[in-house]
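To start, the structure under review is shown below, and the notes come after it.
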Amino acid sequence: MPKWPDWWDWELEFTSHLLKRMVDRSFTESDLRQMLEVASEVRHGAEPGRWVVETRHNGRGWEVILEPLETEHLVLVVTAYPCE
């Protein structure tokens, strides 16, 4: 089992970008929360302060981009997308 970062259990906050992508990519907040529950890996993202979560949804690989906000103890969910 992977070791998750200290911020893993903080409350989630969704960006407007993510909310649009949820409609475009046909997934819900419940789907997103489930994706985070079954995540297999979390790694540093390309942009400083961002993390990439590898997960699955509807039998496909997905990535969820997170940005922990230390001072607020929140995790900003930037976007989520299926891996091709």
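The values are calculated or read from the model by the stated rules, or taken from the named source; none is laboratory data. As the structure is a prediction and not an experimental result, all values here were calculated from the model. As a convention, Cβ positions derive from the backbone with ideal geometry for all residues, glycine included, and neighbour counts pool all protein chains shown.
Cβ contacts < 6 Å: first residue under 21 Å from residue 40 (Cα atoms), restricted to the stretch 1-26; second residue assigned to a loop (DSSP other than H, G, I, E, B), any location; separation 6+ or different chain. Result?
10/73
Tally time: how many residues in the stretch 62-72 are over 18 Å from residue 20 (Cα atoms) and surrounded by 12 or more Cβ atoms within 10 Å (Cβ to Cβ)?
Initial filter on the stretch 62-72 (over 18 Å from residue 20 (Cα atoms)): 68-72.
After this cut, where a residue has to be surrounded by 12 or more Cβ atoms within 10 Å (Cβ to Cβ) as well, the list is 68-69.
Adding up the residues that qualify gives 2.
Could you please give the count of residues in the stretch 40-61 that are farther than 19 Å from residue 13 by Cβ, surrounded by 14 or more Cβ atoms within 10 Å (Cβ to Cβ) and in contact with a Ser or Thr (Cβ under 8 Å, 6 or more places away or on another chain)?
2
So residue 3 fits all but one of (1) in a loop (DSSP other than H, G, I, E, B); (2) at pLDDT below 95; (3) within 17 Å of residue 84 (Cβ to Cβ); what number is the exception?
All conditions pass for residue 3, except number (3).
Looking only at the stretch 55-84, which residues are assigned to a loop (DSSP other than H, G, I, E, B) and touching a residue at least 12 places away in the same chain (Cβ under 8 Å)?
From the stretch 55-84, those assigned to a loop (DSSP other than H, G, I, E, B) are 58-59, 73, 83-84; that's our starting set.
Result: 73, 83.
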